[in-house]
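Right, one structure below, let's go through it.
The values are calculated or read from the model by the stated rules, or taken from the named source; none is laboratory data. Because the structure is a prediction, the values reported are computed rather than measured. Positions of Cβ are generated from backbone atoms using ideal geometry, with glycine treated the same way; all protein chains shown enter the neighbour counts.
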Amino acid sequence: MASAGAKEQNPDMTTSAAPAPIRTEGLTKYYGKVHAIEGLDLEIERGEVFGFLGPNGAGKTTTIRALLHFVFPTRGRASILGLDCVKDAVAIRRHIGYMPSEYALYPNLTGAECLRYYANLRGGVDETEVTRLATRLDADLSRKVSDLSTGNRQKVALIAAFMNRPELLILDEPSTGLDPLMQQELQGIIRETSADGRTVFLSSHSLAEVERVADRVGILREGHLVVVERVDTLKRKAIRRLDLEFDGPVAADALAAVPGVRSVEAHGNSLSVTFEGSVNALLRVALEHEVVNLNSREADLEEIFLTYYRGDENGSGGGGPGAD
Amino acid sequence: MLSSIYTKSVRDAALWTISAVVILLVLVVVALPAYSSFGEEYITLFESMPEWIAVVYGDETSSVAGLVGTALFTLMGPLVLLVYAIALGTGAAVGEEEARTLPLLLANPLSRSRVLVTKALVVAGGIVLIVLALWLAVELVAGLVGIEMSSQDVLAASVHLAAFALCFGSLALATAAWSGSSTLGLAVAGLVAVLSYVASTWLPIVESLADLAEWSPWHLYVGANALHEGIDGFLLLLTLGLAVALFGAGLLGLRRRDLKE
């Protein structure tokens, strides 16, 4: 069971006995011969933002649809806040906010009417919260949905997900169609939600977005969860890059033989080295030559993500850097 | 109108319901005075036609009231009601799913069953409303133009028509709910309606095939001969029972399958 500590949480919202916001055990879903997700074991902790990463077809949306009982699992089980996702689907929906990746609003209603309808169905929605969210997201709720841009429709759906201040938010590609300013605003709302002790399950293609807001990430590949790790830990374990500029040409082989070095590329008097583990041995060999300049870059989530997927292409199975 | 699924569904169905009522009212207002004025000429015309015409029209060509009954309760009434029931029955099962509004709707604490039952009740209510409008209009206009039609029998025919429409609405709903496809719901229910009408209407022309017509679903409705004999309790219960059974099957189908993305 993959799990790690989340950030400091609101004591009002958490108790040691409180059930996990999301827990799956061997969750599996096949569509005929297509294995959408296979044996997914996952536990999300209260108050964390969990980034769920993977390319199209990896199984992210299928996982979410199984959690919401839109599809039946082939095997395994899933629970939300201790409630079974199949038997207690309606009760679960009282506690969550959901933003699907594929959806439509009612074209003949205004944004405000859509939200009023959803609020009436849900009950207990504070209108001031709707107004507050609409102001923050600069949402135009007065126009008919059919006249709204994709981004404005996205804002209406986001307000619908957040307006009841749910204990758990499940967001599937929430920033699609939003301009960069609104993406930032959304990230702020997500961070505030987490700081409030509420939990956010964020499925996204945007690695930068996940990197900015997530405490932990899970990377899904072809239906298998290949890693669940804190973002900072993942970065520490990741392959890093060192660019060295010398006063003259240096043979790449000299550095390639150093333990931990994955690759060396020569460009004139410079060598670009990717490595994992300690940099000491690498530096010792490099300093045998006259180093003019040195530049070290921490791996961003995109590089980590790609590493896991390159691993697949190389036939290395589920292994990425530091994979559990 | 946005306070519940029920009121929203009533609002969504309003255009269909009003259109069906208006079509039938126009028919009544135009057809009844026309039959009242030229009915005897129609009867003479029918008398000069081949015998099989009378078989197709169910021996209703010998009186003005019979011609009115055939036009409203055997042709146009069922046509309008079945189109309404099949279209809205299909929509109740998969309309929101195909329009992709279902994920946000089901993000709220609602079960699939509750959504389907509520929407089906709206369709059933619409059918009852349309039939009620038809019955009242026939009552009023027939009285005004002097066509003698038994009020009780017109009501009986209206009740059978409503049950028949419910049955086909349930068939469309069940097919769509199991398959997740509105196309299939419309096609299956539409095809059964057309084929059963053809079978019920045209098989009696051939004497050796006449008995087969009674096995046509259309016979559930026309077999009652409600305009002359009032309510046929057995056929009415059979029709309503079938409607309920088909609805139950649809409910089961929707509860058991994966929703489409």
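What the table shows:
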quantity: A:THR176 vs. criteria modelled with pLDDT of 95 or more, over 13 Å from the mean Cα position of the chain (by Cα) and of a type outside the set (D, E, K, R); calculated: no
quantity: The range A:104-161, residues that are part of a loop (DSSP other than H, G, I, E, B) and among the β-branched types (Val, Ile, Thr); calculated: A:VAL125
quantity: Selection from the range A:204-262 of residues that are in contact (Cβ under 8 Å) with a residue 40 or more places away in the chain and of a type in the set (Val, Ile, Thr); calculated: A:VAL210, A:VAL213, A:VAL217, A:ILE219, A:VAL226, A:VAL227, A:VAL228, A:VAL231, A:THR233, A:ILE239
quantity: Count - residues of the range A:96-106 that are modelled with pLDDT under 95 and over 12 Å from A:LEU158 (Cα atoms); calculated: 1
quantity: Residue that is farthest from A:SER101 (Cα to Cα) [pool: residues in the range B:89-117 that are of a type in the set (Ser, Thr, Tyr) and within 11 Å of another protein chain (Cβ to nearest Cβ)]; calculated: B:SER113
quantity: The range B:154-201, residues that are under 15 Å from B:TYR221 (Cβ atoms) and of a type in the set (Phe, Trp, Tyr); calculated: B:PHE164, B:PHE168, B:TYR197
quantity: Some residue of the range B:77-89 being of a type outside the set (Asp, Glu) and at pLDDT below 70; calculated: no
quantity: Enumeration of residues in the range A:252-277 that are more than 17 Å from A:ILE304 (Cβ to Cβ) and hydrophobic (A, V, I, L, M, F, W, C); calculated: A:ALA252, A:ALA254, A:LEU255, A:ALA256, A:ALA257, A:VAL258, A:VAL261, A:VAL264, A:ALA266, A:LEU271, A:VAL273
quantity: Qualifying residues in the range B:216-261 (those that are in contact (Cβ under 8 Å) with a residue 12 or more places away in the chain and of a type in the set (Phe, Trp, Tyr)) - the one nearest to the other protein chains (Cβ to nearest Cβ); calculated: B:PHE247
quantity: Helices (runs of 4 or more DSSP H) wholly inside the range B:189-261 that include at least 3 residues being under 15 Å from the mean Cα position of the chain (by Cα) and not aromatic (Phe, Trp, Tyr); calculated: B:219-222, B:233-256
quantity: Per-region count, the range B:211-245, residues in contact with a helix residue (DSSP H, G or I) (Cβ under 8 Å, 6 or more places away or on another chain) and farther than 20 Å from B:VAL192 by Cβ; calculated: 7
quantity: Residue tally, condition of a type in the set (D, E, K, R) and not in a strand (DSSP E or B), over the range A:198-240; calculated: 10
quantity: Cβ pairs under 7 Å, 6+ apart, first in the range A:128-153 and closer than 19 Å to A:ARG165 by Cα, second in a helix (DSSP H, G or I) and among the basic types (Lys, Arg); calculated: A:LEU137/A:LYS155; A:ALA139/A:LYS155
quantity: Pick from the range A:66-101, criterion closer than 21 Å to A:ALA36 by Cβ and without any contact (Cβ under 8 Å) to a residue 12 or more places away in the chain, ranking: farthest from the other protein chains (Cβ to nearest Cβ); calculated: A:ASP84
quantity: Boolean, A:LEU294 is surrounded by 19 or more Cβ atoms within 10 Å (Cβ to Cβ) and at pLDDT 75 or above; calculated: no
quantity: Residue list for the range A:144-153, restricted to those being crowded, with 16+ Cβ neighbours inside 10 Å and either over 22 Å from B:LYS8 (Cβ atoms) or more than 14 Å from chain B (Cβ to nearest Cβ) (or both); calculated: A:LEU148, A:GLY151, A:ASN152
quantity: Count - residues of the range A:103-134 that are facing another protein chain (nearest Cβ under 7 Å) and touching a strand residue (DSSP E or B) at 6+ places or on another chain (Cβ under 8 Å); calculated: 0
quantity: Of the criteria (1) at pLDDT 95 or above; (2) away from every other protein chain (no Cβ under 14 Å), which one A:GLY54 fails; calculated: (1)
quantity: Some residue of the range B:98-117 being outside any helix (DSSP H, G or I), of a type in the set (D, E, K, R), modelled with pLDDT under 95 and out of contact with any strand residue (DSSP E or B) (no Cβ under 9 Å at 6 or more places or on another chain); calculated: no
quantity: Among (1) closer than 23 Å to B:PRO103 by Cα; (2) buried (at least 19 other Cβ atoms within 10 Å of the Cβ); (3) out of contact with any Gly (no Cβ under 6 Å at 6 or more places or on another chain), the one test that A:LEU141 misses; calculated: (3)
